[in-house]
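Report on the following structure.
The values are calculated or read from the model by the stated rules, or taken from the named source; none is laboratory data. None of these values were measured; they are calculated from a predicted model. Please note: Cβ atoms are built from the backbone with ideal geometry, for glycine as well, and neighbour counts cover all protein chains shown.
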Amino acid sequence: MSVVIPCFDYADYLSDAVTSVLSQVGVSVEVIVVDDASTDGSLAIARRWAATDRRVSVVAHHHNRGPVDTFNDGLRVASGEYLVRLDADDMLTPGSLHRAVALARAHPEVGLVYGHPLHVADEHLPAPRISPTGWTIWSGREWLADRCRDGLNVITSPEVLMRKSVVDRVGGQMPLAHTHDMEMWFRIAAFADVAYIRGVDQAWHRDHPRSLSSREVDPLRDLYERRDAFDVLFSGPAGQIPAAAELHRTAVRAVAEYGIAMATGCYDRRVVDQDLVDRYVAFVRDAVEDPTSLDGWRTLSRRMRRGRGSATHPLYVGRRLARKVRTDASWRRWHRDGTF
């Protein structure tokens with residue numbers, strides 16, 4: 001069992017991540033810390049761990065190379081049957097690896113196992129659920145088709161266990177700025193089944209101002225990144241599976257429809273940021289040849305012609321409430337079942 005921990009300037013968190021792996025029961029682990037030329041003492045902490053515990057090894061970059069190369073360098077030296085990518089500011093919950101490995105061993109057709117992550121914003125760690133209530137196994141390609149239809153990533157990152165033989169077949173992470181994890185999960189699903197452990201929390205994921213996603217990703221950039229992930233996915237090995245071209249078109253249309261929804265939402269405010277609307281519209285036009293065929297385009301066009309906010313108009317208030325109800329229901333499904 002190999003756990004790769006990419007690390008850049010996370011000296012405050014690294015020991016918690018390593019400890020959360022080494023304290024796992026029921027599995028034999030190797031921890032590979034890949035330091036990406038940290039400037040804050042992270043490398044010294046990693047080397048102290050390696051000096052005191054033979055299960056820990058360190059790969060050190062002389063120059064900062066980014067999260068993708070950092071993980072892939074750890075992948076090259078990983079020797080376990082199973083693989084986890086754990087960011088240095090995240091942690092595994094007690095029993096996480098044992099639960100995931102047990103499922104993977106019982107179902108050798110499964111290449112990716114995930115569960116529910118607990119998102120934490122401060123040093124307080126909520127108590128995790130550790131007793132599974134069951135699991136769900138999908139055909140990987142059916143799971144991938146669902147992701148193409150909704151255009152969304154349902155996985156955070158640290159809650160995933162991968163079968164390394166499948167990773168060796170499909171390759172490591174691709175050079176995407178923020179959706180490298182998403183694209184890799186989807187690529188694995190193109191060639192192996194996917195499983196979800198119900199009723200437990202598999203990892204703690206820290207949401208904090210220093211995280212890469214917090215510093216660099218806004219809703220518009222997220223749309224571009226998701227579209228890029230699907231473009232890269234279907235330009236690689238997944239482009240050879242049945243109906244790949246149609247899945248790709250479906251995914252891009254789904255992401256474009258999110259762009260329409262975001263642009264339309266700008267008119268739900270008293271003061272409309274017209275520049276932001278224009279940028280969302282530019283994304284939609286760039287993504288698809290005929291935006292008039294997309295859900296929501298007519299509504300957006302009508303509101304653009306009116307050109308003013310309508311925060312209190314009864315019709316649009318009702319639509320906002322309906323969207324909130326649908327969104328809340330989707331999040332409840334995700335917390336329960338792992339999909340939106």
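Can you name the residue in segment 244-277 that is touching a residue at least 40 places away in the same chain (Cβ under 8 Å) and assigned to a loop (DSSP other than H, G, I, E, B) and is also farthest from A145 (Cα to Cα) among such residues?
Per the stated criteria, the residue is R270.
Give the residue, chosen from S131, S157, that is touching a residue at least 12 places away in the same chain (Cβ under 8 Å) and in contact with an Asp or Glu (Cβ under 9 Å, 6 or more places away or on another chain).
S157
Quick one: R206 ticks every box in (1) closer than 23 Å to N72 by Cα; (2) of a type in the set (K, R); (3) over 15 Å from the mean Cα position of the chain (by Cα) except a single one, so which number is it?
The number of the failed condition is (3).
Any residue at all in segment 291-305 that is modelled with pLDDT under 95, of a type in the set (V, I, T) and surrounded by 13 or more Cβ atoms within 10 Å (Cβ to Cβ)?
Looking through segment 291-305, at least one residue is modelled with pLDDT under 95, of a type in the set (V, I, T) and surrounded by 13 or more Cβ atoms within 10 Å (Cβ to Cβ).
Does A121 qualify as being under 18 Å from the mean Cα position of the chain (by Cα) and among the small types (G, A, S)?
yes
Suppose we keep only residues that are within 16 Å of E109 (Cβ to Cβ) and among the hydroxyl-bearing types (S, T, Y) within segment 163-196. Which one would you say is surrounded by the most Cβ atoms within 10 Å (Cβ to Cβ)?
Applying the filter and picking the extreme gives Y196.
Please determine, by comparing only the residues of segment 36-75 that are part of a helix (DSSP H, G or I) and of a type in the set (K, R), which one is surrounded by the fewest Cβ atoms within 10 Å (Cβ to Cβ).
In this case the residue turns out to be R48.
For R99, all conditions in the list (1) in contact with a Pro (Cβ under 8 Å, 6 or more places away or on another chain); (2) assigned to a strand (DSSP E or B) hold save one; what is the number of the exception?
Result: R99 passes all but (2).
Please name all residue pairs, on different chains or six or more residues apart, with Cβ atoms under 7 Å, provided the first residue is in segment 13-35 and is on the phi > 0 side of the Ramachandran plot and the second residue is surrounded by fewer than 16 Cβ atoms within 10 Å (Cβ to Cβ) and outside any strand (DSSP E or B).
Within 7 Å, the pairs are G26/H98.
I'm told G199 meets every condition in (1) touching a strand residue (DSSP E or B) at 6+ places or on another chain (Cβ under 8 Å); (2) buried (at least 18 other Cβ atoms within 10 Å of the Cβ); (3) on the phi > 0 side of the Ramachandran plot except one. Can you identify the failing condition by its number?
Single failed check for G199: (2).
Please work out which one of (1) part of a helix (DSSP H, G or I); (2) in contact with a Phe, Trp or Tyr (Cβ under 8 Å, 6 or more places away or on another chain); (3) among the hydrophobic types (A, V, I, L, M, F, W, C) is the condition V31 fails and give its number.
The one condition V31 does not meet is (1).
Against the definition (buried (at least 23 other Cβ atoms within 10 Å of the Cβ), modelled with pLDDT of 95 or more and within 17 Å of the chain's Cα centre (by Cα)), how does V84 come out, yes or no?
yes
State whether the residues of segment 269-289 include one that is under 16 Å from R320 (Cα atoms) and either of a type in the set (D, E) or modelled with pLDDT of 95 or more (or both).
no
So which residues in segment 175-203 are over 20 Å from A88 (Cα atoms), outside any helix (DSSP H, G or I) and hydrophobic (A, V, I, L, M, F, W, C)?
Listed by number, the residues that qualify are A190, F191, A192, V194, A195, I197, V200.
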